[in-house]
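Peer 1: Below: one structure in structure tokens.
Only the coordinates and a few stated rules stand behind these numbers; no lab work does. Just so we're clear, the structure is a prediction, and the values are computed from it rather than from any experiment. Cβ atoms come from the backbone with ideal geometry, glycine included; neighbour counts cover every protein chain shown.
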Amino acid sequence: MSLPKDRVVVASDVNPRDGIGVEIYRNDELVVEIFRDDTDRTRTVTVFKESISLELMEESIQIFKKEIPWDFIEYEE
């Protein structure tokens, strides 16, 4: 991301969801989270602003694909 106030945080979560994702901050404000939930076997995008540019969304997806392994973690029952 090009602006100096942009920041990417890789974060995991274990309760109530279980997985890992990226948080995208612009000007120190959380604007997008993309999360891989290993329990539900889903990948979701949460937008925290009313609207964001298509360029920021595309860049966020590319960051997610680069930073987060695509395959879900398999849990034994």
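Peer 1: Being over 9 Å from the mean Cα position of the chain (by Cα) and in a loop (DSSP other than H, G, I, E, B) is the filter; apply it to region 62-73 and report the residue that is farthest from D6 (Cα to Cα).
Peer 2: So the first thing to find is which residues in region 62-73 are over 9 Å from the mean Cα position of the chain (by Cα), and the list is 62, 65-67, 69-73.
Restricting the remaining residues to those that are in a loop (DSSP other than H, G, I, E, B) gives 69-73.
On the way: P69: 22, W70: 24, D71: 27, F72: 28, I73: 29 Å.
Selected residue: I73.
Peer 1: Still on this model: Here are some residues: E76, E23. Which one is surrounded by fewer than 16 Cβ atoms within 10 Å (Cβ to Cβ), among the acidic types (D, E) and either part of a loop (DSSP other than H, G, I, E, B) or out of contact with any Gly (no Cβ under 9 Å at 6 or more places or on another chain) (or both)?
Peer 2: After ruling out the rest, the residue left standing is E76.
Peer 1: Considering each residue of region 31-42, count those that are touching a Lys or Arg at 6+ places or on another chain (Cβ under 9 Å) and either of a type outside the set (D, E) or free of Cβ contacts under 8 Å to residues at least 12 places away in the same chain (or both), and give that number.
Peer 2: 7
Peer 1: Separate question: Would you point out the residue of region 28-61, among those that are basic (K, R) and assigned to a loop (DSSP other than H, G, I, E, B), that is farthest from R7 (Cα to Cα)?
Peer 2: Only one residue tops the list, namely R41.
Peer 1: A further question follows. Considering only residues of region 27-54 that are under 20 Å from V9 (Cβ atoms) and of a type in the set (D, E, K, R), which is surrounded by the fewest Cβ atoms within 10 Å (Cβ to Cβ)?
Peer 2: Ranking the candidates gives D28 first.
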